[in-house]
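K.L.:
Okay, here's the structure, questions in a sec.
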Amino acid sequence: MIKESPFNGTTPKIHPTAFIAPNVVIIGDVEIGAYANIWFGAILRGDWGKIIVGENTSIQENVVLHSYPRKMCKIGNHVRLAHLCMCHGPCTVEDLALVGINATVLQDAKLRRGSILAAGSVLKGDTEQFCLYAGVPATKRKEYPSQTNQKWASELYVKNGQKFKKVGFGQQIPKEYLITE
């Protein structure tokens, strides 16, 4: 289901290359970038606040994105939000980051570029770039070299999403919500 917000009338803006699984719910002020892939059961509820999903980003099964009124939940490029995770804005997940299975990014948290939030963890604050955070609340556990190439993983999901889209398995995006620029 892809609908305008009943709260304030804002509408989604979705790049035509994005893959949206059949039972995904996208409501309101949601922007989805090129080759993003939104998998089964995900809910992107931009009825009150804005949600931005970057290019080549994978939003996996049963992920929930939401935000406080007039605040933003911003997900960067080449990001992977694993199964069952939650990001509640205002929050930011920067480029190349990974939010693990059943992890939570809370209000005012920032997962910086190339960092990983381990499965089941809860992020409450700011992080450094290219580090592993784990626990409840999440704390820094490891550093990675900044030249680490994490794009390959998001590109696997892009390819898979495009295969699903090609065989007609994706949700039809209403024309009025397509980005045409």
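K.L.:
Give me the number: length gained by fully extending Gln107 to His83, i.e. 0.36 nm times residue separation minus the C-alpha to C-alpha distance, one decimal in nm.
P.N.:
My answer for the length gained is 6.7 nm.
K.L.:
Sticking with this one: Taking the simple approach of a point 7 Å from Cα along Cα-to-Cβ for both Ala119 and Tyr177, what is their distance in nm?
P.N.:
3.1
K.L.:
Among 50-61, 9-20, how do they line up from the highest to the lowest mean number of other beta-carbon atoms within 10 Å?
P.N.:
Ranking the peptides 50-61, 9-20 by packing returns 50-61, 9-20.
K.L.:
Ok, one more. So what is the orientation-averaged projected area of the stretch 2-174, using the convex hull of its C-alpha atoms, in nm²? Please list the in-between numbers first.
P.N.:
Values: hull surface 34.1 nm².
Computing the convex hull of the Cα atoms and averaging its projections yields 8.5 nm².
K.L.:
With an 8 Å cut-off on Cα pairs and a minimum separation of 6 or more residues, tell me the relative contact order of the chain in percent.
P.N.:
That works out to 17 percent.
K.L.:
Test of understanding: ordering Met72, Met86 by Cβ neighbours within 10 Å, fewest first, what list do you get?
P.N.:
Met72, Met86
K.L.:
Placing +1 on the Cβ of each Lys and Arg and -1 on the Cβ of each Asp and Glu in the chain, which of His88, Thr57, Gly120 has its Cα farthest towards the positive end of the resulting dipole?
P.N.:
Among His88, Thr57, Gly120, the one farthest towards the positive end of the dipole of the chain is Gly120.
K.L.:
Any idea which of Gln107, Ala42, Pro69 is furthest toward the positive side of the dipole for the chain, if Lys and Arg beta-carbons carry +1 and Asp and Glu beta-carbons -1?
P.N.:
Farthest towards the positive end: Ala42.
K.L.:
Any chance you could give the angle, 0 to 90 degrees and rounded to 10, that helix 151-166 forms with the longest Cα principal axis of the chain?
P.N.:
The helix 151-166 is inclined about 20 degrees to the chain.
K.L.:
For a protection proxy built on the mean count of beta-carbon atoms within 10 angstrom, sort 25-33, 155-163, 100-108, 116-124 highest first, please.
P.N.:
Answer by packing, highest mean first, reads 25-33, 116-124, 100-108, 155-163.
K.L.:
Measure up Lys71/Lys142; Lys13/Lys165; Lys110/Lys159 against 21 Å on the Cα-Cα distance and list the ones that go over. Before the final figure, lay out the partial values.
P.N.:
Details: Lys71/Lys142 31 Å; Lys13/Lys165 18 Å; Lys110/Lys159 28 Å.
In this structure, Lys71/Lys142; Lys110/Lys159 lie more than 21 Å apart at Cα.
Coordinate-derived values only; no laboratory data. Only a predicted model underlies this, so the values are computations on that prediction, with no experimental measurement involved. Note that each Cβ is placed from the backbone with ideal geometry, even for glycine, and that neighbours are counted across all protein chains shown.
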